[in-house]
Amino acid sequence: MSSLSRARIIIDRDFTIGAVPRRIFGSFVEHMGRCVYTGIYEPGHAEADENGFRQDVMKLVKELGVTVVRYPGGNFVSGYNWEDGVGPVGSRPRRLDGAWHTLETNAFGLHEFVDWSRQSGVEIMEAINLGTRGVDAARELVEYANHPGGTFLSDLRKKNGHADPFNIKLWCLGNELDGPWQIGHKTADEYGRLAQEAAKAMRLVDPDLELVACGSSGSSMPTFGAWEQTVLAHAYDEVDYVSLHAYYQEDDGDAASFLASAVDMDYFIDSVVATADAVRAKGKHKKHINLSFDEWNVWYQRRLDSEDQPHQVSKAGWREHPRVIEDAYNVTDAVVVGTLLNSLLRHGDRVKIANQAQLVNVIAPIMSEEDGPAWRQTIFYPFTRMAELANGQILHTKVDSDRYENARFGDTDLVDVSSTWDEENGKIAFFLANRGLEEAANVEVLLRGFDNARLTRAEVLQIPQGHDRLTTNNLQIGEHVGLTTLKDVKAAGHELTFTMPALSWAVVEIEAAKS
Ligand code: AHR
C-alpha cells in the first residue's frame, strides 16, 4: 500500500440528517471505583469547594462540554436504595455494594448530585433500581425529586435542604437487566412488564417524564434483537427510548480491526432502529421509539492480570472507592473514540442521547488523583471539540475513501467523517479520523450549495514525535498527546483540501456562504 491514501468527501446544503441532538454529548457518573469519591467529590482536597466538589475536575468537565450525565449506575443502581443517599450525611448507612465489591458510605447521594450537576451546567439522567426494587421505589423517588410539596416525600426533600423540586425529566428504567451479571437479572418478558408498570406509576406522579427502557448490553448478547422486540412489545406506549451499550478494545494487537469498531456501532444502531420500527408496525403505534446509547467507550476488559480489574478488586476484600478499571488511553483509542462519536452523530435522526462511560477515573476522559492533580486523557480531545463545534444540522457525508482490510470487519474506509452545518453562524465543521496506521490521507472536500469557504479552525491529534501509537497522557509524562494545528489546509470557493497524518483525528471548521 502507498504511504498516502485518498478520500473524497461531498456534502450538500440540502442533504441534512436532522438537528444535532445535543444530548449525544452526555457522560456517566456511577458509584464505581473512584468516579464519585476522589473523582468529582473529595472533601478536604485543596481544590474542593464547601460542598466537597473538586473544582479542578469541574473545570475539566466544563471544558469537555458534557451536556447530560447519567447517575448513579450502571450495575451499581441494581442494588441501590435511593433513600440511603438522602438526609443528614452522618446518619446515612454504610452498605456493601455487590456490583463492584465496594463499601459504599453514601456520603454522596441525590442532593449532592443535583447540586453538582447544577454547578457543572449539565442535565440529569437519573436511573432507577429495577434489579432488587420495583414500581413502588420508582414512583416514590419521582415524588421525592419532582413533586413541589405538601406530601410526605416532597416535604422530606424540603427538610433535607431542597425547597424547590429537582425537576428531573430524563429517567432510565434500570440498567442492563438482560445481563446475567446484573443484580436482579430478568428475562425480557419479566423486564418488559416491570418497565411498563414502573413507567406508568412514575408518570402518574409526574406526566412530563422522558423514559428509557433497557435494551441490550451489547450487540453480541445472545438475546440481542429478541430482547428489544419483547421489551418494546410490552412497554412501547410507556417509553420514549430504548438503550444500547457498547465497549470496544484492541484484541491481541489487532489495531486494524479495533480502528474499525464504529462499523459495529453502525450495525448495532441500525439493527435497534429496525427492531423498534418493526414493533411499531406490528403494534400499529404512531410514535417512534428513539435510541439512547447510554454507555459507550473503549474499555480494555481483557487486561485480566491488572489489579484494577473487577475480579481482582473483589479478591482484595471490601474497601471504599478502590481503583476499578482505570484505563490509560493511548493515541489509537482517541482515534477510535472519534469514529464512535462520528457514528453517533451520523445517526442523530434516531440516536437522541448518548453517554460516554464514564466521566472521571473509571474508563474516563478525565483522571484525578486523591490529594493530587486532575488531567485530560487522550480521548478527551475528540469529545471536547465535537461537543463544542457540532451545532445546527447534521450533514450527510458522501465518502469515497481508499479502503483497508481488517480481520473483524473486512473492507473498511480509511477515512471516517461526520459533518455539521450551523446556519446561524455559517460554520461547517468536519470531524475526521484517519484509520491508516502507516498512510497519511489526502482529503478533498466538495461543498455543494456553499461558496466563499474560509478556514476558521484546523486541529489534529496524532502520535507525538518520538513516541508510538500506544503512548498515553499520565502523571509522569504529562498531557503530551493533545490537539495541535493541522497545517496546510486550503479552503477556497467550494473546495477544501488537506492531509491528515497516519493514525490521526482532526477537526476542520470553515465559514461559508450559501450559494
Ligand atoms: O460502565 C461500567 C459498567 O459497564 C456499568 O456499570 C455497566 O452498566 C456496564 O456493564
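The values are calculated or read from the model by the stated rules, or taken from the named source; none is laboratory data. In this text the structure is predicted, and so the values were computed from the model without any measurement. Positions of Cβ are generated from backbone atoms using ideal geometry, with glycine treated the same way; all protein chains shown enter the neighbour counts. Accessible surface areas use protein heavy atoms only, side chains included; no ligands, DNA or RNA. Shrake-Rupley method; radii C 1.70, N 1.55, O 1.52, S 1.80 Å.
Quick look at the values:
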| item | result |
| --- | --- |
| Inter-part distance where the stretch 86-123 and the stretch 327-363 are each reduced to a Cα centre, Å | 26 Å |
| Per-residue [θ]222 nm for the chain (sum of -39500 (n - 2.57) over DSSP H runs n ≥ 4, rounded to 500) | -7500 deg cm²/dmol |
| Theoretical gain in end-to-end length, LEU96 to THR223 [0.36 nm per residue, Cα-Cα removed] | 42.7 nm |
| Helix runs (DSSP H) in the chain reaching 24 Å along axis by Cα, Kyte-Doolittle at least -1.0 | 188-205, 261-283 |
| Between the stretch 11-54 and the stretch 140-210, the alpha-carbon center distance in angstrom | 22 Å |
| FRET efficiency for LEU304 and LYS62, using Cβ-Cβ distance with R0 set to 25 Å, rounded to 0.05 | 0.10 |
| Net length gained if the chain between ALA233 and TYR267 were fully extended (0.36 nm per residue, minus Cα distance) | 10.1 nm |
| Rounded Å value of the spacing that divides the Cα centres of the stretch 442-515 and the stretch 396-417 | 19 Å |
| Label-point separation, GLU369 to LEU4 (7 Å along Cα→Cβ), nm | 4.4 nm |
| Cα gyration tensor shape for the stretch 38-98, rounded if a/c is under 1.5, else prolate or oblate | oblate |
| Inter-probe distance in nm under a simple model that places probes 7 Å from Cα toward Cβ, at ASP277 and LEU455 | 4.0 nm |
| Under 5 Å, built H, 5+ apart or other chain: amide partners of ASN175 | LEU130 |
| Virtual spin-label span in nm between LEU446 and HIS311, 7 Å along Cα→Cβ | 5.4 nm |
| Near-label residues of the stretch 348-374 by backbone N, under 20 Å of a point 7 Å along Cα→Cβ of HIS396 | 348-351 |
| Mean accessible surface per residue for the chain, computed with a 1.4 Å probe while every protein chain stays in place, in Å² | 38 Å² |
| For the chain, share of DSSP beta bridges that run antiparallel, in % to the nearest 5 | 60 percent |
| The chain - percent of accessible surface contributed by carbon and sulfur, probe 1.4 Å | 48 percent |
| Candidate lysines - alpha carbon under 21 Å from LYS514, same-chain residues fewer than 8 apart omitted | LYS398, LYS427, LYS490 |
| Considering only the stretch 1-158, percent of DSSP beta bridges that pair antiparallel, nearest 5 | 40 percent |
